[in-house]
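A quick write-up on the structure given underneath.
The values are calculated or read from the model by the stated rules, or taken from the named source; none is laboratory data. Worth saying up front: this structure is predicted, and the values here are computed from it rather than measured. Neighbour counts run over all protein chains shown; Cβ positions are idealised from the backbone, glycine included. For the accessible areas, the whole protein counts, side chains as well, though only heavy atoms, and no ligand, DNA or RNA atoms are used. Shrake-Rupley method; radii C 1.70, N 1.55, O 1.52, S 1.80 Å.
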Amino acid sequence: MSEVSINIKSQEINYPIIIENEAISDLKEKILKFINERKYIVIISSKVEKLYGKNLDFENKFVLKDGEKEKNFKNLQKILNFALKNKLDRKSVFVAIGGGVAGDISGLAASLYMRGVDFVQVPTTLLACVDSSVGGKTAIDTDFGKNLIGSFYQPKIVFVNPKFLKTLDNTQFMSGLGEVIKYAFIEKSTKCDEEFNLINILNEKDIFSKDEKYLSKIIEICIKLKKSVVEKDEKESNLRRILNFGHTYGHAIEKINNYKKYTHGEAVIEGIKYVFKIALEKNIIDKNYYFFAMDVIKKFNFRNIPEYKKEKMIKFMLMDKKAQSGKIVFVLPCDYSTVKICEFSKDEF
Ligand code: GLY
């Protein structure tokens, strides 16, 4: 078992992320121990319910269908009504068990219910373990875009159990892997006290074997890197923007394809390849680092995404939340595992 604590001093927030390979029934007991006789609801992804529901036999379960389109106003309302129907009060607890969709919408619901109740995250996908369950971003999507309605609301505790990843399908596993690779390329810029050299660690073993010890190690590193960033800049006014490495172009790919054809991680990988290309063209990095990075990525066999028309990409990149005063914001690689934020006007392309 290992524990990483997130400590946001300015807000007096301190919560543990417990990483433990344990029987799912033991995890259930731990969650109940945290709840400690209070009222609660569990929002669980339908896939996880099908696979693990017997061992996670909580009372008051709200089964949430899977897929990004479920992260909507209607389901937010349903979750809040479910809590009201079950007479939850200010001391009650919302527990999210699932991937980013379950975590994001439940976190937002928890932040709204009676102006905020305790929230527990149990991420069950690689993407949720290394990214969405850490750092307190909660949201739903609307017709106007992804994650446009949300809040910063930190959980009270996060339980990460790599056992869930054994049953994760390859597409979802690859999606999480895209974010893991992102951390490897931004490691030094996270200003983490510990040095891991995640790029080398990713070469140590075949990650697709899903060896639980190896996966736990990688997840822990990613969480520590994210912790370092979030503790310094919870609300993304500066440093946290580096977590968007590969995301400017990646989000545009996702939007163009209506969030259907490619997963988030695949789009991020394409976005990473794109920013490496820009950095090379602008002489920010040399050819050696460029080809080294392309080799790192190639090993994982992500699908290649065809190039879209430049005008279309620019239009979508300008719609990104990160775009400011008509400028497109990119996080560019500038040295080994190091990145910097750069703004470009439309005409600079
Ligand atoms: N997923 C990026 C962030 O949490 O800031």
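The number of residues in the stretch 85-105 being touching a residue at least 24 places away in the same chain (Cβ under 8 Å) and in a helix (DSSP H, G or I) comes to 6. Looking across the stretch 243-261, the residues that are under 16 Å from the mean Cα position of the chain (by Cα) and more than 9 Å from the ligand (Cβ to nearest atom) come down to F245, G246, T248, G250, H251, E254, Y259. K33 meets each of the listed conditions (1) outside any loop (DSSP other than H, G, I, E, B); (2) in contact with a strand residue (DSSP E or B) (Cβ under 7 Å, 6 or more places away or on another chain) apart from (2). If you go through the stretch 175-202 and keep only what is open to solvent by 20 Å² or more (accessible area, probe 1.4 Å), at negative phi and not basic (K, R), you end up with C192, D193, E194, E195, F196, N200.
Considering only residues that are touching a residue at least 40 places away in the same chain (Cβ under 8 Å) and either open to solvent by 30 Å² or more (accessible area, probe 1.4 Å) or away from the ligand (no atom under 15 Å from the Cβ) (or both), look in the stretch 119-130 and name the one that is farthest from the chain's Cα centre (by Cα). Once the filter is applied, the top-ranked residue is V120. The residues of the stretch 225-235 that are under 14 Å from the mean Cα position of the chain (by Cα) and open to solvent by less than 40 Å² (accessible area, probe 1.4 Å), listed by number, are L225, K226, V229, V230. Of the residues N238, N258, the single one that is open to solvent by 20 Å² or more (accessible area, probe 1.4 Å), under 17 Å from C342 (Cβ atoms) and free of Cβ contacts under 8 Å to residues at least 24 places away in the same chain is N238.
Considering the stretch 267-321, the residues that are in a loop (DSSP other than H, G, I, E, B) and among the charged types (D, E, K, R) include one that is surrounded by the most Cβ atoms within 10 Å (Cβ to Cβ), namely D320. Just to be sure, is Y40 among the aromatic types (F, W, Y) and under 18 Å from S106 (Cα atoms)? Criteria met by Y40. Candidates are the residues of the stretch 137-148 that are open to solvent by 70 Å² or more (accessible area, probe 1.4 Å) and touching a residue at least 24 places away in the same chain (Cβ under 8 Å); the one that is farthest from S237 (Cα to Cα) is L148. Scanning the stretch 322-344 for residues that are among the small types (G, A, S) and surrounded by 13 or more Cβ atoms within 10 Å (Cβ to Cβ) returns A323, S337.
If you go through the stretch 264-279 one residue at a time, do you hit one that is more than 26 Å from K146 (Cα to Cα) and touching a residue at least 24 places away in the same chain (Cβ under 8 Å)?
The answer is yes, given that some residue of the stretch 264-279 is more than 26 Å from K146 (Cα to Cα) and touching a residue at least 24 places away in the same chain (Cβ under 8 Å).
All told, E194 meets the bar of being without any contact (Cβ under 8 Å) to a residue 40 or more places away in the chain and over 16 Å from the mean Cα position of the chain (by Cα). Exactly one residue out of L27, L112, L108 is open to solvent by less than 80 Å² (accessible area, probe 1.4 Å), under 25 Å from I140 (Cα atoms), touching a residue at least 24 places away in the same chain (Cβ under 8 Å) and outside any loop (DSSP other than H, G, I, E, B), and it is L108. Scanning the stretch 291-348 for residues that are within 15 Å of E254 (Cβ to Cβ) and out of contact with any helix residue (DSSP H, G or I) (no Cβ under 9 Å at 6 or more places or on another chain) gives a single hit, P306.
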